Every structure is written in structure tokens, then in C-alpha cells.
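**Q** Encoded as C-alpha cells, here's the structure I'll be asking about.
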Amino acid sequence: MFSGRRDAERETTSAMIRETGAECLFVRSDVSSEPEVKALIEKTVATYGRLDFAFNNAGFGTVPKPLHEQSVEDFIRERMKRFTLFTFLYLALGVCLTAIALGYPNLPSSLQTSLFVSAGASYIVCLLSTFPFWRETTIRFYRRRNSAVIIPWLVIGFNIVWMIWEVQSQNWTMEAILQAFLRVIVVLLFAEIIVITWQVNSKH
């Protein structure tokens with residue numbers, strides 16, 4: 001018995017199982033949906049009489065206790081940990097950039113386009129920040145190259161100095177301030193990397 005959300009992989013997996021001489025049954029389900037998981041288990045018990053073993057190769061880690069002792073509330077609480085402070089900061093930045101671009105129609109077209117592009121990038125990063133792979137990739141890279149921990153600080157420092165120089169050299173004009181504001185997403189990205197590496201250090 002196996003399950004998944006995509007039908008294309010179902011055929012491939014079924015063929016691989018049957019090539020070994022074993023039988024298999026597919027039930028389409030999403031492990032993030034409690035009713036679908038219940039239906040999967042009920043189908044398994046109805047077909048084979050019992051469930052001896054379950055292996056989940058999707059989703060993310062939950063609270064450190066036996067699976068049968070975990071509740072739906074535990075699952076939801078652990079899932080919400082994917083939404084960090086930076087997730088909301090990226091979203092807020094995107095909203096601000098969009099509001100500025102729409103609220104000042106007389107801005108130069110190139111600057112207005114840059115605002116929309118940066119807002120779109122903020123929304124995309126906001127979405128990607130909810131997926132574990134971003135955090136896991138950062139941790140793996142950091143563990144392989146501990147010396148790289150200085151890079152985010154250098155990038156943030158460079159961008160802050162560049163932002164200040166840019167607005168001062170143009171006498172703090174609106175266009176200069178907005179151009180500098182576009183760099184905030186870079187600062188946030190590398191600030192999140194610093195926080196992730198700090199959390200790794202605090203656990204060890």
C-alpha cells in the first residue's frame with residue numbers, strides 16, 4: 001500500500017514494485033489532510049486486515065514523541081514554526097514597495113518598474129521562506145564552511161554603507177531614498193542567514 005498526490009509517479013512506482021513480484025495498491029492522499037490520512041489507513045486495514053508499519057517520506061519533522069501520541073494540534077503548531085519573523089518581514093516589504101509604486105504614479109518609469117520587481121521578489125522570497133529546504137540548505141552550507149559565517153555580515157555592511165552613500169550623494173531625494181530602499185530585501189535575506197547560523201551554534 002502506498003500513497004501520494006501525483007498520479008504520474010504512481011504508475012512508475014507501481015511498475016517498480018510489481019517487477020519484484022510483489023502486489024501493491026495506491027490510494028491518492030495528501031499527508032497534510034487529516035481526512036485523507038484517515039481514509040488511507042481505513043483502506044489499508046480493510047484490504048489487509050491490519051497496519052504493521054508506516055513510513056512517511058513527505059512533509060517535515062514534528063514534535064519529538066511517538067507518532068501515536070501526537071495530535072493534530074501538535075502537527076499544526078509545528079507547521080506554523082515554518083512561518084518565522086522574516087516571513088512576515090518579506091511580506092511587509094513587498095506590500096510597502098507595491099504601495100509606493102502604486103501611490104506615486106509620477107515616479108520615473110524605471111524606478112516604478114524596479115519597485116514592482118522588488119515587490120515581486122519579496123513575495124517570492126516570503127513564500128520560499130516557509131519551505132524547510134531554505135533553512136536546511138543554509139545549515140548544510142554553514143557546517144561545511146564555518147568560515148563563510150562572515151560573508152552575511154560583510155554583505156549587510158556593504159549594502160548599508162552603499163544605501164547611506166547613495167542617498168547622501170543625491171541630497172536625500174525621494175528617488176535616492178527609494179533606490180536605497182530596494183536593497184532592504186538583500187539585507188533581510190542575509191540577516192535571516194545570520195539568525196539561522198546563530199540558532200545552529202546555540203544548539204551546539
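**Q** From Leu93, Leu25, which residue is closer than 30 Å to Ile193 by Cα, out of contact with any Cys (no Cβ under 6 Å at 6 or more places or on another chain) and at pLDDT 75 or above? Quick ask: steps written out before the conclusion?
**A** Numbers: Leu25 fails: closer than 30 Å to Ile193 by Cα.
Answer to the check: Leu93.
Yes/no per residue for (1) within 19 Å of Leu93 (Cβ to Cβ); (2) touching a Phe, Trp or Tyr at 6+ places or on another chain (Cβ under 8 Å); (3) at pLDDT below 85; (4) among the aromatic types (Phe, Trp, Tyr):
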residue	(1), (2), (3), (4)
Arg144	no, no, yes, no
Val161	no, no, no, no
Trp172	no, no, yes, yes
Ile177	yes, no, yes, no
Leu188	yes, yes, no, no
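**Q** Additional query: Considering only the stretch 1-29, how many residues are part of a loop (DSSP other than H, G, I, E, B), in contact with a helix residue (DSSP H, G or I) (Cβ under 6 Å, 6 or more places away or on another chain) and either surrounded by 15 or more Cβ atoms within 10 Å (Cβ to Cβ) or β-branched (Val, Ile, Thr) (or both)?
**A** The qualifying residues number 2.
**Q** What is the residue count in the stretch 101-134 for residues that are of a type in the set (S, T, N, Q) and touching a Leu at 6+ places or on another chain (Cβ under 8 Å)?
**A** To start, the set of residues in the stretch 101-134 that are of a type in the set (S, T, N, Q) comprises 106, 109-110, 112-114, 118, 122, 129-130.
Narrowing the set further to residues that are touching a Leu at 6+ places or on another chain (Cβ under 8 Å) leaves 114, 118, 122.
Count: 3.
**Q** While we're here: When the stretch 47-65 is examined, which residues are found to be at pLDDT below 70, surrounded by 10 or more Cβ atoms within 10 Å (Cβ to Cβ) and within 29 Å of Glu23 (Cα to Cα)? Walk me through it before giving the result.
**A** Of all residues in the stretch 47-65, those at pLDDT below 70 come to 57-65.
With the extra rule that they be surrounded by 10 or more Cβ atoms within 10 Å (Cβ to Cβ), the set shrinks to 58-60, 62-63.
Passing the criteria: Ala58, Gly59, Phe60.
The values are calculated or read from the model by the stated rules, or taken from the named source; none is laboratory data. Not measured: the values here are computed from a predicted model. Virtual Cβ from ideal backbone geometry, glycine too; neighbours counted across all protein chains shown.
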